[in-house]
1. Select the strands (runs of 3 or more DSSP E) contained entirely in region 567-645, then report the ones holding at least 1 residues which are of a type in the set (S, T, N, Q) and open to solvent by less than 30 Å² (accessible area, probe 1.4 Å).
2. Are any of the residues in region 163-171 open to solvent by 20 Å² or more (accessible area, probe 1.4 Å), farther than 23 Å from residue 247 by Cβ and modelled with pLDDT of 90 or more?
3. Being aliphatic (A, V, I, L, M), within 19 Å of residue 130 (Cα to Cα) and assigned to a loop (DSSP other than H, G, I, E, B) is the filter here, so list the residues in region 218-245 that pass it.
4. With 456, 434, 427, 444 as the choices, which residue is at pLDDT below 95 and either in contact with a Ser or Thr (Cβ under 8 Å, 6 or more places away or on another chain) or of a type in the set (Asp, Glu) (or both)?
5. Pairs, please: C-beta under 6 Å, at least 6 apart or cross-chain, first residue within 20 Å of residue 153 (Cα to Cα) and assigned to a loop (DSSP other than H, G, I, E, B) and in region 164-188, second of a type outside the set (A, V, I, L, M) and at pLDDT below 60?
6. Which condition does residue 133 not pass, out of (1) at pLDDT 95 or above; (2) open to solvent by 20 Å² or more (accessible area, probe 1.4 Å); (3) within 12 Å of residue 195 (Cβ to Cβ), if it passes all the others?
7. Counting just the residues of region 655-666 that are outside any strand (DSSP E or B) and under 32 Å from the mean Cα position of the chain (by Cα), which one comes out nearest to residue 309 (Cα to Cα)?
8. Can you name the residue in region 646-689 that is of a type in the set (Val, Ile, Thr) and either in contact with a His (Cβ under 8 Å, 6 or more places away or on another chain) or under 14 Å from residue 589 (Cβ atoms) (or both) and, of all such residues, is surrounded by the fewest Cβ atoms within 10 Å (Cβ to Cβ)?
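The values are calculated or read from the model by the stated rules, or taken from the named source; none is laboratory data. The model shown is predicted, which means the values in this text are computed figures rather than measured ones. Cβ: placed from backbone, ideal geometry, glycine included. Neighbour counts: every protein chain shown. All accessible areas refer to the heavy atoms of the entire protein, side chains included, with ligands and DNA or RNA removed. Shrake-Rupley method; radii C 1.70, N 1.55, O 1.52, S 1.80 Å.
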Amino acid sequence: EDVDYCLKAGERGLRVICAGDAVLTHFESQSGVERFRQVSWNVARLADRWNGRVRYDAPDHTLARGSIRRTVRLRRGQSAQEELPVPRCTVVVHGMESPDAVFEKSLRANHAPIDRIVWTARTSAIPAARQEMEIRGDRYVAIVDAACELREGWLDELIRQIEFSPNTGAAAYAECGGGEDRPLFTASAGCVLIALSKFPQHERLRTMESLDGAVADFLIRGLAHRAGVRAAVKDLARIPAPGRDAAFSLAHGLELHEACAASREALERELAAPLRRQKGLVSIVMLSWNAPEYTKIALESIRKYTGGEHEVIIVDNGSGPETTEWLSTLAGVKVIFNPSNRGYAGGNNQAMAAAAGEYVVLLNNDVVVTEGWLEGLLSAFDRIPALGISAPRSNIIAGDQVVLDAAYQNLDQMHEYAARRRARYRRQGYMTDRAIGLCLCIDRRVIEEIGGIDERFGVGNFEDDDFCMRVRAAGYRIHVCDDVFIHHFGSKTFAANKIDWQATMRENWSKFAAKWELPPEQAGGGYQPQPVIRRGFVREKHFFALPRAAPEAALSQAPEGERSYQVIFAAVVRSERDWEDVGNFLRRYVRAFDAAQPVLLTIASLGGPPAADIGARASRAAAKEGLSEQAVADVLISDEADLAAWIDAFPAAARWRVNETGIERFDLIDPVTERSPSALRRVLKAVAR
């Protein structure tokens, strides 16, 4: 309403000025969130009223120069406006297998440059688009139907829509448009531009019946990461109406054309939904290398101040007898003994491969945790979309995470200080590109996508920088929690083992700089991660596989009747789409149970990928988790024609249904609703009782 008022003034020949010498302190948003509920709707109303009556040239001028203006993050959560190069753009044209000079001319009629055009048939459009979207970074991918009618500036307009807001992940031209009925959200493959940096790496195009359905499904899932979609205002592209997609309708409970012209109420419903963190087990990982007195203190503080379901894993990196004998006496702790020092990366990778948690916390052993520390780290995942890592503040730590007023004299005073910080800074913090490996709380999906810690960095230094660089390049965020404080004694492992810290810093900087193509001489002010992050995560170059106990092998197919199972999880695979859901469940299943537990996952192939193919995929999934054939819980995979006979072969009391299929009798089995490894273990515990 204020912009509208100023435009009315300008239309009457009046000028609006900003008086730079007038200073006002504004306590924003004190009236609550209600005042923001109309923002998207009012933007649309403003556009309907003033488009064509007011010319605003600034975006065109920057695009003509090959740049965009964007708010960039500085240190400690500060930000600034900066002019940046227009992100690279690839256009995927579906419905046209070979280049067409006339259509290509319309594609390139923009200020924004196009790096590459991919021409593909409709039958191969989904895998082609999926491949182009795999590398994230600061990139655009435009998906355009060959039946579109494009006008000059179509791409420039979509870029302006995306750059309108940090929470805009895509922009698209709508099937219908104009006036109050113009959709606020549109999702199809007609003519859409996607900013890949706004979507975390694990979100990919799923197999649907059409590319329209696959893109709409992808963009709807993006809303959970607060990557919204804006419908383009200007009529610069006429797109064909999407057809039906039964797979999309089954997944989302609405027809495809409804997703392509969502109502204001539907959009607000999606955006108002809270983030849903996967509740479950947390794996707390520590390394040990002599100096057992500090490991004892850290472990005592974990036991005293850690709530919720968690496990503790300690990897000993070749300590002396005093340390290993003490570790051997620990109850309730999983200890892995190495004959020699595998370094920070190698030891933590072993622990991550053995961890069963939905979240993994890498924690130094020379620390003292405080009341509510884990809850504080986990709560960040409830409110920050696409979060990959949360980290605490500390008294001795590099960079911005250090707290300079930590002037306590003993541990009792330290806990009092931490409690005051927790109360004062509740749920506060800042986004960053780098968090120190003193304590990192990591979403399991991040580890699945980027792997473990690069072991080229030996005993330590820059391995955490490298890990965070990969996290950010893969589209995940990093948050430092101001309300979580952890005491750090300060490099006691390095001191106890007489490690030259400065020498390892110099050596590892050279490795880090070479890997990420940074200047070999480290400047006094550090390095700038943003240019590297913008290049994106390239799996072939950047993924670091976790160790596994044995070479990849087919999963055991346990014969029926040989064992007595207390819980049997049953899944049906009729298509590739079914396998995507079942494959995700299998990865959680093999993390939840080992071969000694009385559980079975039975998978029936019903006209989809054959059992042998599913078995090979399942084997790769288990190997990716670092598990050998002998370690995994039983999995039985078979080709089936008679589903009723297949189901009846297993005891009714033990059966649980994994996926929704619409198959009679199978649908009568109780479904598994909570799928985290810890939730699956709770199913077994409940049945055992």
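1. 599-605, 634-639
2. So far as region 163-171 goes, no, none of its residues is open to solvent by 20 Å² or more (accessible area, probe 1.4 Å), farther than 23 Å from residue 247 by Cβ and modelled with pLDDT of 90 or more.
3. Matches in region 218-245: 227 only.
4. 427
5. These pairs meet every condition: 174/183.
6. Failed condition: (2).
7. In this case the residue turns out to be 658.
8. Among residues in region 646-689 that are of a type in the set (Val, Ile, Thr) and either in contact with a His (Cβ under 8 Å, 6 or more places away or on another chain) or under 14 Å from residue 589 (Cβ atoms) (or both), the one surrounded by the fewest Cβ atoms within 10 Å (Cβ to Cβ) is 683.
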